[in-house]
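I have placed the structure first, in the form of structure tokens, so that the comments after it can refer back to it.
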Amino acid sequence: MNDTMSLVDTHTHLALNEYADTLDDVLNRSRQAGVDTWMVIGTSLDESAAGIELCKKHPGMYAGAGIHPHEAGKQEKGWLEKLRHLTGEDRVMAIGEIGLDYYYEFSDRYRQRQVFRQQLELAGQMGLPVIIHCRSAMDECLAILDEWQRDDIPVVFHCFGEGPDLAQQILDRGYFISFTGLITFDNARQVQKTAQYVPLEQIMLETDCPYMSPHPKRNVKPNEPAFIVHIAEKLAQLKGLTLEEIAQATTQNSRLFFGIG
Ligand SMILES: [Zn+2]
Ligand SMILES: [Zn+2]
């Protein structure tokens, strides 16, 4: 990376305990690597609130607030009003991550769909973009989004791991696809094909740290935003483009999508 390039990490969990004692160092290494803007994502009311607090201390940091499908079954009466209150905070630029996870199915499927729909409504009311977590539930996720009918709200499918056919259904709707370190793994041919296939105009990048450390840092835990450079390099290689071209396009996409910077 040269001095003029910058990257946005559009999906981090920097509010988690993994970084409690190390965050300043993690952010310094990130800036040195040219990664100077971060989205801190919420999976619960607590993580969303913690992310918002971090944003107040760190320039370049913005928050997503939302209830992850894993947490859908744990929400008690009043959760939606609490979330609505959080999404009104200055640095909250998205609702997320929300969606369906039928792979782990930690929450009852009916409840997952209900909590997903309620948060989509909230995004519509607040005019905030949506970050989707979708695992083994693509048909239902898309059906719920189609039913929602809000073409004016930007949507991204994060940590994409599917092949080009499913990607096409997302692209057809004008949504974005966000790639993690998955595309750097040798055994991930299918998602690498997707990365080659998806137009650069609809791509964003993320580490999803502390999870998903990319090659060649795969054994380094926790993952951190500086490592997004390896994801950008892999995407450049897959697309036959330069790292500069990848950085410029994905940074512009991210800034427009979230309305930041
Ligand atoms: Zn996720
Ligand atoms: Zn996440």
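The values are calculated or read from the model by the stated rules, or taken from the named source; none is laboratory data. Remember, it's a predicted structure, so these values are computed and weren't measured experimentally. Here the Cβ positions follow ideal geometry from the backbone for every residue, glycine too, while neighbour counts run over all protein chains shown. Only protein heavy atoms, including side chains, enter the accessible area calculation; ligands, DNA and RNA are left aside. Shrake-Rupley method; radii C 1.70, N 1.55, O 1.52, S 1.80 Å.
With only Lys, Arg, Asp and Glu charged, each at its Cβ (+1 for the first two, -1 for the last two), find how big the charge dipole of the chain is about the Cα centre; round to the nearest 20 debye. Don't skip to the end; give the middle numbers.
Values: 24 positive and 37 negative charges, 30 e Å.
Dipole of the chain, to the nearest 20 debye: 140 debye.
Defining a contact as two alpha carbons under 8 Å apart and six or more residues distant in sequence, what relative contact order in percent does the range 43-189 show? Walk me through the intermediate numbers first.
Working: 231 pairs, mean separation 27.5, N = 147.
Relative contact order comes out at 19 percent.
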Accessible area of LEU166, 1.4 Å probe, to the nearest 10 Å²? 50
Given the protein chains as shown and a 1.4 Å probe, how many square angstrom of MET61 are accessible, to the nearest 10? 0
Run the numbers on the chain and let me know its relative contact order in percent, using alpha-carbon pairs under 8 Å that are six or more apart. 20
Trypsin sites (Lys or Arg not before Pro) lying in DSSP loop within the range 24-96, provided at most 16 other Cβ fall within 10 Å: LYS77
Filter on LYS57/LYS82; LYS56/LYS82; LYS74/LYS193; LYS217/LYS239 - keep pairs with C-alpha separation over 27 Å: LYS74/LYS193
Could you tell me what percent of the DSSP beta bridges with both partners in the chain are antiparallel, to the nearest 5? 0
Dipole of the range 66-199, Cα-centred, from +1 at each Lys and Arg C-beta and -1 at each Asp and Glu C-beta, to the nearest 20 debye? 200
Whole-number accessible area per residue in Å² for the chain, which is evaluated in the context of all protein chains at 1.4 Å: 44
Would you tell me the accessible area of ASP139, worked out with a 1.4 angstrom probe on the heavy atoms of the protein chains, in Å² to the nearest 10? 110
Can you list the cysteines of the chain that have no other Cys Cβ under 4.7 Å away? CYS55, CYS159, CYS209
Simple spin-label estimate for HIS215 and LYS82 in nanometres, 7 Å along Cα-Cβ: 4.2
For the chain, alpha-carbon Rg and Dmax in angstrom: 17.0, 51
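First compute the accessible area of the chain with a 1.4 Å probe, then give the percent of it belonging to carbon and sulfur atoms. Walk me through the intermediate numbers first.
Details: 5230 of 11540 Å².
Its accessible area is 45 percent carbon and sulfur atoms.
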Please work out the C-alpha center-to-center distance from the range 156-171 to the range 200-257 and express it in whole Å. 16
Please give the charge dipole size of the range 1-80, origin at the Cα centre, charges +1 on K and R Cβ atoms and -1 on D and E Cβ atoms. Round to the nearest 20 debye. 200
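Note the full-extension length gain between ASP186 and SER136 as 0.36 nm times their separation in residues minus their Cα-Cα distance, in nm to one decimal. Mind showing how you got there, number by number?
Working: separation 50, 0.36 × 50 = 18.00 nm, distance 2.19 nm.
Residue separation times 0.36 nm, minus the Cα-Cα distance, leaves 15.8 nm.
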For the range 165-261, state the average projected area of the convex hull of the C-alpha atoms over all orientations, rounded to one decimal in nm². 6.2
Could you tell me how far the Cα centroid of the range 54-117 sits from the Cα centroid of the range 9-45, in Å? 18
Which one, VAL115, PRO164, VAL229, projects farthest toward the positive side of the charge dipole computed for the range 113-261 from Cβ point charges (K/R +1, D/E -1)? VAL229
